[in-house]
Every structure is written in structure tokens, then in C-alpha cells.
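Participant: If you scroll down you'll find the structure; I have some questions about it.
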There are 2 protein chains.
Amino acid sequence: MTTKKLGGQTAALACPPSLLSFANVVGKKEGEGPLAACFDYVDTDDAFGASTWEQSERAMQQKALTLALEKAGPGEGQLDWLFAGDLLNQCISSSFAARDQKCPFFGLYGACSTMAESLCLAGMFVDAKLASRCLAVTSSHFCSAERQFRFPLEYGGQRTPTAQWTVTGSGACVVAGKDRPPYLRAVTVGTVEDMGITDINNMGAAMAPAAAKTLCQFFNDTGAKPEDFDLILTGDLGFVGSRLFERLMQAQGCPIAGRHNDCGLMIYDRLRQDVHAGGSGCGCAASVLCSFILPQIACQRLKNVLFMATGALMSPTSVQQGESIPGIAHLLHLSAFAGKEEEVR
Amino acid sequence: MTTKKLGGQTAALACPPSLLSFANVVGKKEGEGPLAACFDYVDTDDAFGASTWEQSERAMQQKALTLALEKAGPGEGQLDWLFAGDLLNQCISSSFAARDQKCPFFGLYGACSTMAESLCLAGMFVDAKLASRCLAVTSSHFCSAERQFRFPLEYGGQRTPTAQWTVTGSGACVVAGKDRPPYLRAVTVGTVEDMGITDINNMGAAMAPAAAKTLCQFFNDTGAKPEDFDLILTGDLGFVGSRLFERLMQAQGCPIAGRHNDCGLMIYDRLRQDVHAGGSGCGCAASVLCSFILPQIACQRLKNVLFMATGALMSPTSVQQGESIPGIAHLLHLSAFAGKEEEVR
């Protein structure tokens, strides 16, 4: 028996693959936040030894990728496929980082949802025996994102209270057909949702409806309930988007308030670190997942987690043309157990 | 038996999925070229009824997608997953086009290789029973690509002889587990290759080594030879890249000159239409495949075709920073037959 597509948008993974190894790399500000002790590597000046911010982001992604392969252990470094993407135009961080890996490469674009998108594909490939071992990786960098999406840093633009701070960070996971937690038990692949939000400084609001849609879809497809999970973790809704998301779920008769947290609220101390509505970016969900969350699932401190990374699928051009901001959210059911039977033992 | 990953980068599809339906949409210049009679829809002014070029590209992709679904026939319109990508920053053509499809969406970025990348994933998903029916779609538009990658059209910049002309076009395929040609029998997923080319006006040269690498890998993984195929079709190497590609294959002891053609050389009349080294863009490979090639495989005029779309994975920023241009090529073995046994009957 292999993966089964349930009605709707969910695939239940019949032989849940293992997130065999994972690594994370972050910048200085992230290394001064509440999760400081959890990161594998914190850079001292966010440059990662490179001379442009784009090259820094690439170096960071390469470092996360290499660390994840090293942690997988001897003999586990041979990848069947590599799934990667990032926020930069033409995804240059991922393509250039992949250049050194002599590995078949699928380039992805899912905005800030990319860690979940790449893990969905990696998990489905391993479970369907399309691969023994895949790597999923993504990154974002505050300095490269600011000048591409907003203003050059030198301009010193003001930020609105709803704005979020792009995380300088990268996370990488090796997914393999091994019997070792954390397991990936199901994935729900998101649809593109657009409620007409046009404020580029309020991406949490643009993405919250997509998160609510995907989570309801998962519950609907599987029959699971919020109380089956220790934690429902969104990627980078931030303060504004998280409140909206919780209210949307409440309105659907499916309250999650006590169980929900957001990587963008966990990675920084919002009051002390001046990040306004919280962290954002591909690297936000990726680095929190691969530092703070997965080790807790591996040791069963967390038993069942829904990880949902959200993406805002706009571009500066689409915003300038007056378009609203479409959102997407992909969900992973991560577990300390390979199946329901193991849970009750 | 399902898909088997052969050594290297190739997956042989055990129950070859069918390219059940396919559609294509192009602009005015393409509709004046040698393949004019093959296209499903030719727009009169490249605007596709929209008021910006980016919105035109989206409208074009929506039209191709809708046509492919219509051609699939009643009851075949229900998609399990949608795979799409394009050249624009943050892939807005695909994300916005997907907004109207209430379908789980995987956003891809493979530059001009996207039609092959999306079909690889769609084919592997169907063969591995991860899906009954997937759609793969991509697009490019001359006017949106020019202003994003080069100059605004109003500037009237000169073009070098090695430069290529971005095709205004889109192609879409429904891939399903049906017993009807064309079949997708194998895929070879490319690695990122970089021979140090830095001339942004010579993308054919940047991509040719990736095409040669992937093709040699396919022959190596499968034991097949060039003479097993009626046609070896590259996506958009153009005149310069095609000559280089053929010489690279010759140097590998694997001559293909008589069997090779390139979508970028087929879609325009190079002398009459002033396109310099030929066509390029995601829409080049996609629209030629979905108009001129697939119908010939369906009726057995072509029996075995290797379709290889190539992508140049640079961005204007990476070029400005002095980086070379990495290339990638993904290969599909398309056939009028589901297997070797059927061929000899």
C-alpha cells in the first residue's frame, strides 16, 4: 500500500517517511532572539563571508544543505532528488546553491510556503517509492528581500505596525524511508486563495484566509480534530495574521486558539527586537521548524504537530498594477509515531 | 509495479501515463510563423484583452489551461494537482492563473525548462498513483519578459546576433492514467550545470551543456541510443545553442545531428521574422510541444521523441553581480506506444 489521495487536497502517507536529519542556519538578529540556543549556526554579520547579500543568502542555504547532509550520517548523503526554492527573483539562491550538488533538481516557487511545499513533494516521493532519499531546503535573507521587495536598506524607510521582518535564515531536511521519528504522516496541498487584500505591508492578513482554508480542508479530508494535535504551527502569519487566522477558524466552528502558534512570533522577541508584527520569509518557517520543533517531535515531547507554511504570491509588479495579494498554505502532519497504532502503545 | 528510479537521474514510468489532452495559445508573431496552422488560438494583438502585459500573460495561461481541460472531455476536468510556473518575478502568471482553479497547486520555477519540469512531476505523480489526473502548464510573453529581463519595449534597444526572441505562448497538458497515446515513458531530471558563460545575450550557449549532460545521462541510465528516437527535441537553444549542443554530443561520441531539432528554430522563420538566434522562453517549448509534436505522436507519425526543455537559471541581479549563467535541462521520453512490446507488434 502506498500513498493515498484522500478526497479533496490531502494525501495520507501509507509508510510515513522520516525526517531523517535537519539543519538550520540563521543571522545575527535571529541569534539574539528567544530561540538562540536552538540554532546550528548563527552568523556574526549576516554576510556569511560573501560580498553581496544575494551571495550571502546562497552561502547560507548551502551551509544548511551541507549540514543536513552531514547530520544524515555516512552513506545517507546520496540524494535521489533535491527540492528547493526561495523568495529572490528567478530563485537564484536555490539554483546557485544546487550548482554544487550533482543531484537532480526541482526548482520551486511557493513564496514563504516553500518549506512546506518542498517537504510535501519530498515526502510524497519517498512514500510512493519514487525516491529513497530527498532533500528539501529553502532560505530568506532580510537584506536581499528588503531591496528586492521594498527599499534598499540605505533608504531607511519607515515600517507600518502591520509590517513583518524577513528572517535571515535557512532550513534543510533530508527525508528518507526510515523508521525513525519525526514522521511525515499526511500532507494537504493548498489552493490559491484571495480575499482582496491589497496592503503590501499586511501580508499576514493576505495569507490568513489560505491558512484557514487549508486547515479546514485537512480536518475535512481526514476526520481529525484540533484536539488531536499538540501544536498547530503556522509559518509567518505574524501577530496580525495569527489573530485573523484564529478568528477565521473560530468562525468555522473549529477553535484552535490554545493550540496555535506562529514561527514569526516565536523567532523574535517582538517588544525587544523591534520587528513590528513579527518574522516572515521562507527562512522563518524553515529555521524554526528545523531548530525548535523537529527535535521535540523526535524525542516525543511533541507528539502530533500540524505545520503549515503560508505564502503571499504577489510580486512588486502585481502590487504596482493594483492587484490584490493571493495566498497559499501547505500543511504537513508531523508525528512522533508512524501511525495511530503506535500512538496508543 | 510502479515507477522505478534507475541509477542516476532517470525514472522509468512502469505504467506510462497518457498526455490525455493538450492545448496551446500564442501571440501574433508566432501565428505568422511556420507552425501557424497548428495553434489552437492566436491572439491578434498579444494583449489577450488585458490592460498590462503581465495580465495578458496570465490571461493567455488561463486560456491554455481552460482549453486543455475542455479537450480532456466531460468528467475528466477534475484535477488532483496542478503544476505550473513561468518566467516572471515571483511566478505571478501561474499563481494568478491558478487562483480561479480550486485545485491544489504546486508552484515551480525552472526558467525555460518549466514545461518539462511540470510534466516530469505530473507524470511521476500519475504513475506512482499519487494522482489520477494532473495538469502541467507554463507560459512566456515577449513584452513582459523584455521589460523584466532586458529593457522596456519603448527603449528600442538593439539586439545582438546571438540574442533570442521570447515566445508569446502558453502550453498546457492534462496527464492521466489512461491507455491512449502520447505516453510518457521515462523522465530524466536535470542537474544544475555551469560552464562559466556570462553573456546574457547568448543563453543558448549557457544552456547547451546542461542539455548535453541530461541527454548523455538518459542514454547512460537507460541503455537507449539516439537511433531509437525519431526526434530529439530541445526547448529553446536557438541557432547558436543548437550547434553547440550537437557538437558537445558529437564530442561525447554520440552524434545526434540528423535527429535533433529545437522548438526555438521551429516556431519562427528566422530569416523572414527577424528573431536573430531563434525563439526562447517557457512558452516556446510548451507551445511547440502542445501544437506540432504531441498530435504527431498521438497518430504514430512520430513514434519515439525525446523532449528536453532547457532553462537558464540566472536573474538580472545575478548577472549584474558578475555571476555566470547556470543551466538545467529536464528530459521526457514521449512515445506512441506504452512499452517496447507494443512497438514491435
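Participant: In region B:67-94, how many residues are crowded, with 20+ Cβ neighbours inside 10 Å, in a helix (DSSP H, G or I) and either in contact with a strand residue (DSSP E or B) (Cβ under 6 Å, 6 or more places away or on another chain) or more than 14 Å from every other protein chain (Cβ to nearest Cβ) (or both)?
Facilitator: Total satisfying the criteria: 7.
Participant: Moving on. When the residues of region A:95-118 are narrowed to those that are more than 7 Å from every other protein chain (Cβ to nearest Cβ) and free of Cβ contacts under 8 Å to residues at least 60 places away in the same chain, which ends up nearest to residue A:263 (Cα to Cα)?
Facilitator: Top of the filtered list is A:118.
Participant: Looking for something surrounded by fewer than 20 Cβ atoms within 10 Å (Cβ to Cβ) and among the small types (Gly, Ala, Ser) - is there at least one such residue anywhere in region B:207-227?
Facilitator: yes
Results for (1) under 30 Å from residue B:101 (Cα atoms); (2) charged (D, E, K, R); (3) assigned to a helix (DSSP H, G or I), shown as yes or no for each residue.
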position: A:23; (1), (2), (3): no, no, no
position: A:30; (1), (2), (3): no, yes, yes
position: A:46; (1), (2), (3): no, yes, no
position: A:49; (1), (2), (3): no, no, no
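Participant: Still on this structure, please answer the following. What is the number of the single condition among (1) at pLDDT 95 or above; (2) over 20 Å from residue A:315 (Cβ atoms); (3) surrounded by fewer than 24 Cβ atoms within 10 Å (Cβ to Cβ) that residue A:145 does not meet?
Facilitator: Against the list (1) at pLDDT 95 or above; (2) over 20 Å from residue A:315 (Cβ atoms); (3) surrounded by fewer than 24 Cβ atoms within 10 Å (Cβ to Cβ), residue A:145 comes up short only on (2).
Matching residues to (1) within 13 Å of another protein chain (Cβ to nearest Cβ); (2) of a type in the set (A, V, I, L, M, F, W, C); (3) not in a strand (DSSP E or B):
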residue	(1), (2), (3)
B:129	yes, no, yes
B:135	no, yes, no
B:163	no, yes, yes
B:170	no, no, no
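Participant: While we're looking at this one, here's another question. When you look at residue B:159, is it over 19 Å from residue B:300 (Cα atoms), more than 14 Å from chain A (Cβ to nearest Cβ) and assigned to a loop (DSSP other than H, G, I, E, B), yes or no?
Facilitator: yes
Participant: Further question on the same structure: When you go through A:235, A:283, A:223 one by one, which is the residue that is away from chain B (no Cβ under 14 Å) and more than 30 Å from residue A:31 (Cα to Cα)?
Facilitator: A:223
Participant: Shifting gears a bit: Quick one: is residue B:199 of a type outside the set (Phe, Trp, Tyr), part of a loop (DSSP other than H, G, I, E, B), within 18 Å of the chain's Cα centre (by Cα) and under 29 Å from residue B:274 (Cβ atoms)?
Facilitator: Spelling it out, it is not the case that residue B:199 is of a type outside the set (Phe, Trp, Tyr), part of a loop (DSSP other than H, G, I, E, B), within 18 Å of the chain's Cα centre (by Cα) and under 29 Å from residue B:274 (Cβ atoms).
Participant: Tell me which residues, restricted to region B:42-66, are of a type outside the set (A, V, I, L, M) and within 14 Å of another protein chain (Cβ to nearest Cβ).
Facilitator: The answer is B:51, B:52, B:53, B:54, B:55, B:56, B:57, B:58, B:61, B:62.
Participant: Right, residue B:124: farther than 17 Å from residue B:235 by Cβ, more than 10 Å from chain A (Cβ to nearest Cβ) and in a helix (DSSP H, G or I) or not?
Facilitator: no
Participant: From the list B:136, B:131, which one is closer than 18 Å to residue B:16 by Cβ, among the hydrophobic types (A, V, I, L, M, F, W, C) and touching an Asp or Glu at 6+ places or on another chain (Cβ under 7 Å)?
Facilitator: Of B:136, B:131, the one residue that is closer than 18 Å to residue B:16 by Cβ, among the hydrophobic types (A, V, I, L, M, F, W, C) and touching an Asp or Glu at 6+ places or on another chain (Cβ under 7 Å) is B:131.
Participant: I've got another one for you. In region A:141-156, which residues are within 13 Å of another protein chain (Cβ to nearest Cβ) and out of contact with any Asp or Glu (no Cβ under 6 Å at 6 or more places or on another chain)?
Facilitator: A:143, A:145, A:147, A:148, A:149, A:152
Participant: In region B:1-41, how many residues are within 30 Å of residue B:165 (Cβ to Cβ), surrounded by fewer than 20 Cβ atoms within 10 Å (Cβ to Cβ) and either touching a Lys or Arg at 6+ places or on another chain (Cβ under 8 Å) or within 11 Å of another protein chain (Cβ to nearest Cβ) (or both)?
Facilitator: 1
Participant: Output the residues belonging to region A:42-56 that are among the aliphatic types (A, V, I, L, M) and either buried (at least 21 other Cβ atoms within 10 Å of the Cβ) or touching a Gly at 6+ places or on another chain (Cβ under 6 Å) (or both).
Facilitator: The one that is among the aliphatic types (A, V, I, L, M) and either buried (at least 21 other Cβ atoms within 10 Å of the Cβ) or touching a Gly at 6+ places or on another chain (Cβ under 6 Å) (or both): A:42.
Participant: From the list B:258, B:223, pick out the single residue that is farther than 22 Å from residue A:102 by Cα and without any contact (Cβ under 8 Å) to a residue 60 or more places away in the chain.
Facilitator: Being farther than 22 Å from residue A:102 by Cα and without any contact (Cβ under 8 Å) to a residue 60 or more places away in the chain holds for just one of B:258, B:223, which is B:258.
Participant: Of all residues in region A:279-296, count the ones that are closer than 19 Å to residue A:258 by Cα and in contact with a strand residue (DSSP E or B) (Cβ under 7 Å, 6 or more places away or on another chain).
Facilitator: Within region A:279-296, residues that are closer than 19 Å to residue A:258 by Cα and in contact with a strand residue (DSSP E or B) (Cβ under 7 Å, 6 or more places away or on another chain) number 1.
Participant: Going through region A:158-180 one residue at a time, which ones are out of contact with any His (no Cβ under 9 Å at 6 or more places or on another chain) and either surrounded by fewer than 20 Cβ atoms within 10 Å (Cβ to Cβ) or over 22 Å from residue A:83 (Cβ atoms) (or both)?
Facilitator: Once the filter is applied, which keeps residues that are out of contact with any His (no Cβ under 9 Å at 6 or more places or on another chain) and either surrounded by fewer than 20 Cβ atoms within 10 Å (Cβ to Cβ) or over 22 Å from residue A:83 (Cβ atoms) (or both), region A:158-180 yields A:158, A:177, A:178, A:179, A:180.
Participant: Let me ask something else about it. Within region B:310-328, take every residue that is small (Gly, Ala, Ser) and over 13 Å from residue B:195 (Cβ atoms) and give me the one that is surrounded by the most Cβ atoms within 10 Å (Cβ to Cβ).
Facilitator: B:311
The values are calculated or read from the model by the stated rules, or taken from the named source; none is laboratory data. In this text the structure is predicted, and so the values were computed from the model without any measurement. Here Cβ is always computed from backbone atoms with ideal geometry, including for glycine, and neighbour counts include all displayed protein chains.
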